[in-house]
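The values are calculated or read from the model by the stated rules, or taken from the named source; none is laboratory data. Every value quoted in this text rests on a predicted model; they were computed, and no experiment measured them. Cβ placement follows ideal geometry from the backbone for every residue including glycine, while neighbour counts extend to all protein chains displayed. Calculation scope for accessible area: heavy atoms of the full protein, side chains included, ligands and nucleic acids excluded. Shrake-Rupley method; radii C 1.70, N 1.55, O 1.52, S 1.80 Å.
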Amino acid sequence: MNYGYTCMRPNEPFEPFCDGKIFIDQVGDVRMPAFEELTHVLEQGDLVTIPSLLSLGYTFHHIKERWERIRATGSRVVVLDCEDSQGDDPELMDRMILYMHETLEQLKKAEGEIRSAAI
């Protein structure tokens, strides 16, 4: 099955961006009920289209967590504003998310070491 997911502001004009049911949360609603519903209907082999990684959250932690929840269902994710996600390698974005996570963790660690050395 094909699904879509995004977050929108109230009264923002909506244009469908994929075939299939599109789940929409309201920007700022931390409960994300539409995302929860989406993750409960996903099955192995489904395709989830999102307009941007920012649809999954505004912090890397939230993006990574929600990305992993979708991928744990065996579904593939296409990010419309990232051509690399639409190619023949469905795991490329998984590797990119992991790389970004590891890089941010290294930066945080280095920043912490610099702060403690300055004290």
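Points worth noting:
- Estimated FRET transfer efficiency when R0 is 22 angstrom, pair D81-R9 (beta carbons, to 0.05): 0.80
- For region 29-103, the list of trypsin sites (Lys or Arg not before Pro) that fall in a loop by DSSP and count at most 13 other C-beta atoms within 10 angstrom reads R31.
- Compared with the rule-of-thumb size 2.2 N^0.38 Å for a compact globular protein, region 1-107 has a Cα radius of gyration ratio of 1.03.
- Per residue solvent-accessible surface (Å²) - region 29-77, probe of 1.4 Å: 51 Å²
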